[in-house]
2 protein chains.
Amino acid sequence: MKPVRVGLLGLGTVGCGTVNVLARNAGEITRRAGRAIEIEMAATRDLSRSRGCDTTEFQLVQDPMEVVENPRVDVVVELIGGEQRAKALMLRAINNHKHVVTANKALIAVHGNEIFAAAQTKNVMVAFEAAVGGGISIIKTIREGLAGNRIEQIAGIINGTANYVLTGMRDQGREFAEVLADAQRLGYAEANPSLDVNGVDAAHKLTILAAIAFGIPLQFDKVYTEGIGQLTRGDIKYGCELGYQIKHLGIARRNGNGIEMRVHPTLIPKRRLIANVDGVMNAILVAGDAVGPTLHYGAGAGADPTASAVVADIVDVVRALTTDPENRVPHLAFQPGALASVDIVAPDMFETAYFLSLTAVDKPGVLADVTRILGDLEISIEAILQKEPPGNENTVPVIILTQRTRERHMNQAVSKIEALDAITRPVKRIRVEHFND
Amino acid sequence: MKPVRVGLLGLGTVGCGTVNVLARNAGEITRRAGRAIEIEMAATRDLSRSRGCDTTEFQLVQDPMEVVENPRVDVVVELIGGEQRAKALMLRAINNHKHVVTANKALIAVHGNEIFAAAQTKNVMVAFEAAVGGGISIIKTIREGLAGNRIEQIAGIINGTANYVLTGMRDQGREFAEVLADAQRLGYAEANPSLDVNGVDAAHKLTILAAIAFGIPLQFDKVYTEGIGQLTRGDIKYGCELGYQIKHLGIARRNGNGIEMRVHPTLIPKRRLIANVDGVMNAILVAGDAVGPTLHYGAGAGADPTASAVVADIVDVVRALTTDPENRVPHLAFQPGALASVDIVAPDMFETAYFLSLTAVDKPGVLADVTRILGDLEISIEAILQKEPPGNENTVPVIILTQRTRERHMNQAVSKIEALDAITRPVKRIRVEHFND
């Protein structure tokens, strides 16, 4: 069969990774796909040939539109990132009847509904495995491997930078800002790490996972998002003492009122596998009604792991070239006409357990007041940990673990607790998930 | 689109699970596949309708050949198990141009090359996701999700019964036979658990994983296979003291001389995720040159998890109905004409580290003799643990952890050690893998 010709938009880290993997594993890939995959043209601002990959076998251009308009290109691989320009290029490629592979999670999460609709009318595929979990192949697993299931829950460590920082805070007993600065120095965090640590990157990814798991449209604007910047080494230490690890999770789950979509720091019992996923690694827990709980672990970023997903997508696209469009795997796992309109649950209706960190004046009766407030709101207490006062202060840290409750009730409880005279600072709360149901 | 009509061979645990999942999730499955999946006919020895699933919507027959010959059946799902009869039925179905889905690992591992060749000539698909790792979707992940990689290594806990027994031995401090008897009583082990505990079931599964990972034909007869029946609670306890868990692994990896395929008890450092996979759960570590290490975890058996894989395969087959056969995912991941003839490494050329358990007379000089033997064969020692003599005996248990060596050298060392006067029993050896390379 004749080779498939790829046009690359972007020759940065992932672009060069893709060039390298296609070259290094050309033999294996051709043996699998039944035909060669060849790069025809790549667009890059810097036309110098000295970079982390060999560009001598294909044409380099500065204008990405040249790639998108090139009639010799069968599949466009979009790796320039960003939203507006990438979107325009992708829509143009689709309009030219080219299939598209992308690693751009922001673009898919925010503009995916529009992009997939365009692809549908032109009968082309837009593949985006590299957008979530690097090379883990989590999109394929949920969309195809678990096609027989009603998915109940997804919970993932889907941002390697945030996980690296949390692991460092725990292992080194240091504060957020110090570990983040180290991570930047070592190349594990970008110069501007805000999307990684404020949860927006994870929210993009969760949007995509939730859509393909539950058969709902992409709804990035409805994800509740909290970053890791407010966590202290004390939170992590007290969590550990109680038998928990703190991970930054993206969670999407059905509850009685619809689907919860939330990204936030989460305490997880140490004995759960996902609690033991450290450093830059990613892992996604997927629970289906037939398969039960499953976990999928691997590198969530980096040149080669992301390229692994890009190449798998190219092979997938190649295989489906001769399929009837109606028999292809739908972009969002469910047929475009069969997406469900399910309510996205408002934060005050979330159901979760809590870790509360209080600072209280060290005098009798405070704990009685706090537990009465919780009891009145029918919030059950799982454990209380009262620590020695640090230094000469006359306040003591009090840690409370609660059982599951509605966030609305917890909001009321926290207001009342903070109104107590003996409580000297705002109550810190971190959600707790047990993953045993 | 018109429904796809399925014919079931077998209505046991997995057969009923499949009926239940197809009925319970009919809505979600149709929304994904774009058409309904309906059971047309099922073959079962016992025609009574009282069983764990509702059989009122389809015809029951006793002769499975009726299903295979039924012109209304599009896809045959083979769930009767065993080799010869299942093979005859499957070949007949293929001959009738029907696609086949199976959970039969023994059949695929032993007769797969022949079955796939037949399927190839008739342009039909034989899907077998349910044969390995239940609903984890490991076949799809390796075959499609990691298509851009040169796979370096696979290591899996792929028999839930064996893992359940090992977990019980560790947690309860009891011996193999006692825990196995419990497992049988509780339904976690079959009345005849021999294929589970002697490693043959795992060897079937490893055969399949190795073929699709490395692009080699199925070669069950070349898998080195060791069961768990020789393990004692002492082995597990001493392993734990040294920081290791013992798991029954199927390992397939490249070494300088070809591909190693081996099933045996294995010590793994406790901090590895796969060392923490307990009870009946399965997990498969797959390392590719681009993606790096990945782990895929879930229930490896049971009615619903296996049905999850069967249904996913049916949906996959349905999607590929209109593909050119040459564009389909090849049965063994690589194009039939592109399978490689790679040497399967003989056991004496395996490369691994070892845990050695010696029983030595408690007198000076024994350790010096043993370490000299190992040193002469250039086997480096990682750790030595000498235990108190149990009770009144004058022998002591000595545990030695070695670094990686060739099995041939270890065979020589063990012969020499056993020839020492002070060594009173055969040396017990268990392989050690660190999974950090």
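Coordinate-derived values only; no laboratory data. Note that the coordinates shown come from a computational prediction; the quantities given were computed from them, not determined experimentally. So basically every Cβ, Gly included, is an ideal-geometry build from the backbone, and we count neighbours across all protein chains shown.
When DSSP beta bridges are restricted to pairs lying wholly in the range A:138-299, around 95% turn out antiparallel. Counting every pair of alpha carbons in the range B:262-330, the share spaced more than 17 Å apart comes to 64 percent.
Peptides A:113-123, A:386-396, ordered by how many other C-beta atoms sit within 10 Å of their residues on average, highest first, read A:113-123, A:386-396.
Per-residue Karplus couplings for the range B:239-252, computed as 6.51 cos²θ - 1.76 cosθ + 1.60 with θ equal to phi - 60°, are listed in order as x, 4, 4, 8, x, 10, 10, 9, 10, 8, 10, x, 10, 9 Hz, Gly and Pro entered as x. Multiplying the residue separation of residue B:380 and residue B:69 by 0.36 nm and removing their Cα-Cα distance gives an extension gain of 105.7 nm.
Between residue B:294 and B:286, B:287, B:288, the built amide H atoms are under 5 Å apart, and every one of these is 5 or more places off in sequence or on another chain. Filter A:98/A:140; A:105/B:98; B:140/B:247; A:2/A:122 down to the pairs with a C-alpha to C-alpha distance above 29 Å, please. Pairs exceeding 29 Å: A:105/B:98. Inter-chain Cβ neighbour count for A:124-136, averaged per residue, equals 2 (cutoff 10 Å, partner chain atoms only). Amide H contacts under 5 Å for residue B:127: B:100, B:101, B:102, restricted to partners 5 or more places along the chain or on a different chain, H placed in the peptide plane at 1.01 Å from N. Exceedance of the 23 Å cut-off in Cα-Cα distance is limited, within the set A:363/A:387; A:222/A:270; B:237/B:387, to A:222/A:270.
For the pair residue B:194 and residue B:49, label points projected 7 Å from Cα toward Cβ lie 4.0 nm apart. Note on the range B:347-432: Kirkwood hydrodynamic radius from all Cα pairs is 12.9 Å, rounded to one decimal. Taking Lys and Arg as +1 and Asp and Glu as -1, the other residues whose beta-carbon sits under 13 Å from that of residue B:324 total +1.
Counting, for every residue in A:270-277, the Cβ atoms of other protein chains within 10 Å of its Cβ and taking the mean gives 3. For chain A, A:240 have no disulfide-compatible partner, since no other Cys C-beta lies under 4.7 Å from theirs.
Using the Cβ of residue A:248 as centre and a radius below 14 Å, the other residues enclosed give a net charge of -1, where K and R count +1 and D and E count -1. Counting only DSSP H runs of at least 4 residues, each contributing -39500 (n - 2.57), and dividing by the residue count of chain A, the helix-based mean residue ellipticity at 222 nm comes to -10500 deg cm²/dmol. In the elastic network of chain B, a GNM with C-alpha springs shorter than 10 Å, the most mobile of B:308, B:357, B:380 is B:380.
Report note on the peptides A:403-411, B:92-100, A:196-204: ranked by the mean count of other C-beta atoms within 10 Å, highest first, their order is A:196-204, B:92-100, A:403-411. The distance from the alpha carbon centre of the range B:203-256 to that of the range A:38-92 is 45 Å, rounded to a whole number. The DSSP beta bridges internal to the protein assembly as shown are antiparallel in roughly 70% of cases. Residues within the reach of a label modelled at residue B:230 (point 7 angstrom out along Cα to beta-carbon, backbone nitrogen below 17 Å), restricted to the range B:196-220, are B:197-200, B:203.
Sorted largest first, the principal axis extents computed over the alpha-carbon atoms of the range B:1-117 equal 37, 33, 24 Å. For the range B:185-196, the Karplus equation 6.51 cos²θ - 1.76 cosθ + 1.60, evaluated at θ = phi - 60°, returns couplings of 4, 8, x, 8, 10, 6, 4, 10, x, 4, 5, 6 Hz by residue, with Gly and Pro reported as x.
Residue by residue along A:328-341, Cβ atoms of other protein chains within 10 Å of the local Cβ number 3 on average. Counting every alpha-carbon pair across the protein assembly as shown, the share separated by more than 53 Å comes to 17%. Centroid-to-centroid, using Cα positions, the range A:100-169 and the range B:282-351 are 21 Å apart. Put simply, the amide H of residue A:405, placed in the peptide plane, has neighbours under 5 Å in A:352, A:353, leaving out anything fewer than 5 places away on its chain. Could you give log10 I(q)/I(0) at q = 0.17, 0.18, 0.23, 0.28 Å⁻¹ for the range A:175-244, computed by the Debye formula over C-alpha point scatterers of equal weight, without solvent? Scattering profile of the range A:175-244, log10 relative to I(0): -0.79, -0.84, -0.97, -1.11. Principal axis extents of the Cα atoms in the range A:138-299, from largest to smallest and rounded to whole angstrom, are 45, 33, 29. The phi-based Karplus calculation (6.51 cos²θ - 1.76 cosθ + 1.60; θ = phi - 60°) puts the 3J(HN,Hα) values of the range A:263-276 at 10, 6, x, 9, 7, 10, x, 4, 6, 6, 3, 5, 6, 9 Hz, whole numbers, x for Gly and Pro.
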